[in-house]
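First the structure, in the form of C-alpha cells, and then the observations on it.
Where a number appears in this text, it was derived from the coordinates with a stated rule and is not lab data. Here the structure is a predicted model, which is why all the values come from computation and not from measurement.
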Amino acid sequence: MPPKASSIVTDVQTAVVAWSGRKKIATFILFLLALAILLSLGTWQVRRLHWKEQLLADIAERRAAPPASLASCWPRSTHVAPPRRHRWPTSRRLAAAERTSITAP
C-alpha cells in the first residue's frame, strides 16, 4: 500500500527541520570561528601598534643623540678568516701569463 500524502509531507517537514537545525549549528560554528579569527587579528594589530610606537620612539631618540664613535659600534673580532684559494680556469691563467710575460725584442 502506498504511503499517505500526509505522512510524506510530515517526513519532508521533519527532514527540513532537521536540516535547518544542522544548518543553524554549522552557521553558528562558522560564526564563532570567524569571530575568533577577527579577535586574534585585532589583538595582533594592537600589539603591532605598541611595537611600532616603541620602534619610532627609539629611532627619534637615536636621531637626537650625538654621534657614537665607530670603535664603540664596531666590535673587534679575534677570528681570522683563512686565506681564500681561488684558481682560475687554465685558459684564463694562460691568457694572463701571455699578457704579463715580458719578452725581449
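Summary of values
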read-out: Segment Leu55-Thr43, length gained on full extension (0.36 nm per residue, minus Cα span); value: 2.5 nm
read-out: Length released on extending from Phe31 to Arg62, taking residue separation times 0.36 nm less the Cα-Cα span; value: 6.5 nm
